[in-house]
Amino acid sequence: MRRLPALVAVTALAGFGLVGCSASVASSCPTPSDSAIAAVVDAPGEVGSVPTVSVRSPFVPSQAGTATLIEGEGPRITTDSQLALVDVTVLDAASGEQLVATPYNTDVATATPLPRLTQAVPSLAPLMRCVAEGSRVAVAIPGSDLGAQGAQALGVAEGDGAVFVFDVRKVFLPAADGADQYNADSGMPSVVRAPDGQPGVVIPAGDAPTEARWQTIKKGDGETLTADSSVVIHVQGVAWGADTTFASTWKNGAPGQATVSVLPPVMASALEGQTVGSQVLIVVPADQTAQDTQILQAPEGTALVYVVDVLGIAG
């Protein structure tokens, strides 16, 4: 059995220079159900354990689709760039031969980031919409939809389709969903948000603060971060007075993941004690940005502003 080699890589904050749903959300995002796929794909076993996947071959999918084999009860994937940690087994649809598989470790934090898979096979992204955490789903993709990069990475013969069996181990928030907070602290930037939650920073007139400052501008009700938390975050970073960002996981198409204690010092201090679902505004004075320059390729000699969305804890 081959492992997924160049097809996947853990999303990390060091790569910046590169990357609970309510009932109403669930009702507007129905569970994927393609009876044609469910009739030919069998994958018994518990979610998170190695499945024995079989396909009634030859199976030549005429169109892409998703069938839910086991339905989970957790948060749902509602955007194409949303981070989910998955295990996956891939088979050649025509022959039923198993091509690749992830390790299916017990540690959820070692599971594969879904956005890395969808970078190699873009047609996967819309097919995972509305899948819930805790689910096992079968996804069939015709050879015409795999793309050259995806077919080569998987080892699929030209023209053959592929069947992916995903175990969705963990689904993270697409954006901070906490309650808006009132802050009376003057001299701080303000934050505006696009409909998808992506923040923009409005820098006030005047000089930047000379001491590190931060504010919780959305307060989530999830788990509390510690220094040892492996946190999943969206980050928007801009130099004081600049018009463009120097770091943006939003633009990269996927959030970042890192242990809180290894982040730049001011960011680490601001995030420790925050809760999942929160959004935090951080200002780093110009004389404290050495680690930001090293880790996040921030510009030198200027104060920095970050807006951080706390999306979840991986481990």
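Details
- Paramagnetic reach from ARG129 in segment 151-184 [backbone N under 20 Å; point 7 Å along Cα→Cβ]: 164, 166, 168, 171-175
- With neighbour counts taken as other beta-carbon atoms within 10 Å, the residues THR249, THR52, THR78, THR289 rank, fewest first, as THR52, THR78, THR289, THR249.
- For the chain, the residue among LEU85, ALA239, GLY277 whose Cα projects farthest onto the positive side of the dipole built from Cβ charges is LEU85.
- Under a model in which nothing but the beta-carbon of Lys, Arg (+1) and Asp, Glu (-1) is charged, the chain shows a dipole of about 300 debye around its Cα centre.
- 3J(HN,Hα) from dihedral phi, segment 35-45, Karplus parametrisation 6.51/-1.76/1.60, rounded to Hz, x for glycine, proline: 5, 5, 6, 4, 6, 10, 10, 10, 8, x, x
- Calculated FRET efficiency, ASP180 to SER57, Cβ-Cβ distance, R0 = 51 Å: about 0.45 to the nearest 0.05.
- For GLY220, the shell of other residues with beta-carbons less than 10 Å away shows a net charge of -2, using +1 for Lys and Arg and -1 for Asp and Glu.
- Approximating the spin labels as points 7 Å out from Cα along Cα→Cβ, the SER269-to-GLN297 distance works out to 2.7 nm.
- Helix-only CD estimate at 222 nm, as mean residue ellipticity for the chain, using -39500 (n - 2.57) per DSSP H run (n ≥ 4): -4000 deg cm²/dmol
- Rg(Cα)/(2.2 N^0.38 Å) for segment 96-226, N = residue count: 1.53
- Residue exposure proxy: LEU263, LEU154, ordered by other Cβ atoms within 10 angstrom of their Cβ from fewest to most, comes out as LEU154, LEU263.
- Look at the dipole of the chain built from charges on Cβ: of THR216, PRO61, ALA227, the Cα furthest out on the positive end belongs to PRO61.
Read-outs: derived from the displayed coordinates by stated rules, not from any lab. What you see is a predicted model, and the numbers here were worked out from it, not measured in a lab. Neighbour counts are summed over all protein chains in view; Cβ atoms, including those assigned to glycine, are modelled from backbone coordinates with ideal geometry.
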